[in-house]
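Engineer: This is the structure I have questions about; it appears just below.
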Amino acid sequence: MQLPDGVLSSFVDVRGIKTHYVEAGSGEPIVFVHGAGPGAYGWAGWRQTIPVLAKHFRVYALDTLGFGLTDKPADSCSDQDSVDHLLGFLDALCLDKVYLCGNSRGAYMAAKLTVDQPKRVKKLLMVSSGSIALAMGLERNEAQMGGMRKLQAYDGTPEAMRSFMEIIVHDHRKITDDLIADRVQMAALPGHDNVHKLQGQYRNSLKTNPNEWQRFELKHRLPQLTIPMHMVWGAKDSFAPPEFADTLQKMLPNVTFEMLENSGHQAQNDESDRFNDIALAFFGARVTAPV
């Protein structure tokens, strides 16, 4: 993991879970939450955002439960487990109230923590999240399953990783050999395969266990929040289809929406300059124009 100057790699004990994160900058805290594809972790998901926002804020990007260099659970890795771990991370670092920003499953985690703990979150920025769509009652149709099949087909090879990354990143020039090698290495760490197995079992349980579903769903809670919330979606997203954004916009009148025309599932990496401007404006950074 190659980090630029000023970005620090650290570990913290979160309720007995050794948790890795990167941090940079100074000022009000922003916590970034990555998605759940093979080899995902904090720095990889937010590598083009952290250095820019760190000029105005104290930024943190954790490796979520079971991902990156964070400990891998042996028996459960539900979304609620991950949300509880995220809350524990805030507690461990004494972050009483934060700005939150998440992509994909990470956006769901950030949203669920916000509805559970609204006093802990100042503003919520979300990026392209099929998990939020599912929690709001939407599901992919058969024609929209291509991205999920690429995820399920990952076999640990660089070729399979590149094939998956080409689904979630629209600008393939951003998919470097170093990024592929880095994510393949993370996906090969002991326990990573078991985490994906546990998550698959959990996803199946959502379909059959109403007790689990009521912990997951957001349909009756997210529309009630009055905290400032903004959703960014990639118009070229072939993993979480942009049609979801159109429907969610009608279901969530309290959330503002913005479509990035040249972005896929990781808008923060496809159109990083535009996304960073959106994030800076939303979180209220005072940016001085060059003379």
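The values are calculated or read from the model by the stated rules, or taken from the named source; none is laboratory data. Please read these numbers as outputs of a predicted model, since none were measured by experiment. Don't worry about glycine lacking a Cβ; one is built from the backbone with ideal geometry, like all the others, and counts go over all protein chains shown.
Engineer: Take residue 269 and decide whether it is of a type in the set (S, T, N, Q), in contact with a helix residue (DSSP H, G or I) (Cβ under 9 Å, 6 or more places away or on another chain), more than 21 Å from residue 130 (Cα to Cα) and assigned to a helix (DSSP H, G or I). Talk me through it step by step, then tell me what you get.
Structural biologist: Details: of a type in the set (S, T, N, Q): yes; in contact with a helix residue (DSSP H, G or I) (Cβ under 9 Å, 6 or more places away or on another chain): yes; more than 21 Å from residue 130 (Cα to Cα): no; assigned to a helix (DSSP H, G or I): yes.
No: the conditions fail for residue 269.
Engineer: Might you check whether a residue that is small (Gly, Ala, Ser) and assigned to a loop (DSSP other than H, G, I, E, B) occurs anywhere in segment 41-51?
Structural biologist: Step one: of segment 41-51, the residues small (Gly, Ala, Ser) are 42, 44-45.
So of that shortlist, the ones also assigned to a loop (DSSP other than H, G, I, E, B) come out as none.
Scanning segment 41-51 turns up no residue that is small (Gly, Ala, Ser) and assigned to a loop (DSSP other than H, G, I, E, B).
Engineer: Could I ask something else about it? Go through (1) in a loop (DSSP other than H, G, I, E, B); (2) touching an Asp or Glu at 6+ places or on another chain (Cβ under 9 Å); (3) closer than 13 Å to residue 99 by Cβ one by one and return the number of the condition residue 27 breaks.
Structural biologist: Among (1) in a loop (DSSP other than H, G, I, E, B); (2) touching an Asp or Glu at 6+ places or on another chain (Cβ under 9 Å); (3) closer than 13 Å to residue 99 by Cβ, residue 27 violates only (2).
Engineer: Out of all the residues in segment 168-206, which are part of a helix (DSSP H, G or I), touching a helix residue (DSSP H, G or I) at 6+ places or on another chain (Cβ under 8 Å), more than 24 Å from residue 114 (Cα to Cα) and not acidic (Asp, Glu)?
Structural biologist: Within segment 168-206, 168, 172, 174, 179, 180, 181, 183, 184, 186, 187, 192 qualify.
Engineer: Does segment 105-119 include one or more residues that are in contact with a Gly (Cβ under 9 Å, 6 or more places away or on another chain), part of a loop (DSSP other than H, G, I, E, B) and either free of Cβ contacts under 8 Å to residues at least 60 places away in the same chain or closer than 25 Å to residue 179 by Cα (or both)?
Structural biologist: No, segment 105-119 has no match at all.
Engineer: What residue, among those in segment 145-186 that are farther than 17 Å from residue 238 by Cβ and among the small types (Gly, Ala, Ser), is modelled with the highest pLDDT?
Structural biologist: Step by step, filter segment 145-186, then rank; the result is 181.
Engineer: Any residue that is farther than 19 Å from residue 279 by Cβ, crowded, with 23+ Cβ neighbours inside 10 Å and touching an Asp or Glu at 6+ places or on another chain (Cβ under 8 Å) - is there at least one of those in segment 52-69? Break it down stepwise before answering.
Structural biologist: Our first condition is that a residue be farther than 19 Å from residue 279 by Cβ; within segment 52-69, this holds for 63-69.
Now drop any that are not crowded, with 23+ Cβ neighbours inside 10 Å, which leaves 63-68.
Now restrict to residues that are touching an Asp or Glu at 6+ places or on another chain (Cβ under 8 Å): 65.
So far as segment 52-69 goes, yes, one or more of its residues are farther than 19 Å from residue 279 by Cβ, crowded, with 23+ Cβ neighbours inside 10 Å and touching an Asp or Glu at 6+ places or on another chain (Cβ under 8 Å).
Engineer: Kindly provide the set of residues from segment 120-134 that are part of a strand (DSSP E or B) and either at positive phi or over 13 Å from the mean Cα position of the chain (by Cα) (or both), ordered by number.
Structural biologist: The initial filter retains those residues of segment 120-134 that are part of a strand (DSSP E or B), namely 121-127.
Hits for segment 120-134 are 121, 122, 123.
Engineer: Can you name the residue in segment 120-133 that is touching a residue at least 40 places away in the same chain (Cβ under 8 Å) and charged (D, E, K, R) and, of all such residues, is nearest to residue 250 (Cα to Cα)? Give the derivation first.
Structural biologist: To start, the set of residues in segment 120-133 that are touching a residue at least 40 places away in the same chain (Cβ under 8 Å) comprises 121-133.
In the following step, the residues that additionally are charged (D, E, K, R) were identified as 122-123.
Numbers: 122: 23, 123: 20 Å.
Looking at the filtered set, the residue picked out is 123.
Engineer: Right, another one. If I filter segment 1-36 down to residues being over 17 Å from residue 88 (Cβ atoms) and among the small types (Gly, Ala, Ser), which single residue comes out as surrounded by the most Cβ atoms within 10 Å (Cβ to Cβ)?
Structural biologist: The qualifying residue surrounded by the most Cβ atoms within 10 Å (Cβ to Cβ) is 35.
Engineer: Given the residues 170, 192, 196, which is the only one that is in contact with an Asp or Glu (Cβ under 7 Å, 6 or more places away or on another chain) and surrounded by 14 or more Cβ atoms within 10 Å (Cβ to Cβ)? Step through it out loud before you land on a result.
Structural biologist: On the way: 192 fails: in contact with an Asp or Glu (Cβ under 7 Å, 6 or more places away or on another chain); 196 fails: in contact with an Asp or Glu (Cβ under 7 Å, 6 or more places away or on another chain).
Of 170, 192, 196, the one residue that is in contact with an Asp or Glu (Cβ under 7 Å, 6 or more places away or on another chain) and surrounded by 14 or more Cβ atoms within 10 Å (Cβ to Cβ) is 170.
Engineer: Given the options 282, 275, name the one that is out of contact with any Asp or Glu (no Cβ under 8 Å at 6 or more places or on another chain), among the aromatic types (Phe, Trp, Tyr) and surrounded by fewer than 21 Cβ atoms within 10 Å (Cβ to Cβ). Lay out the reasoning, then the answer.
Structural biologist: Numbers: 275 fails: surrounded by fewer than 21 Cβ atoms within 10 Å (Cβ to Cβ).
Residue meeting the stated conditions: 282.
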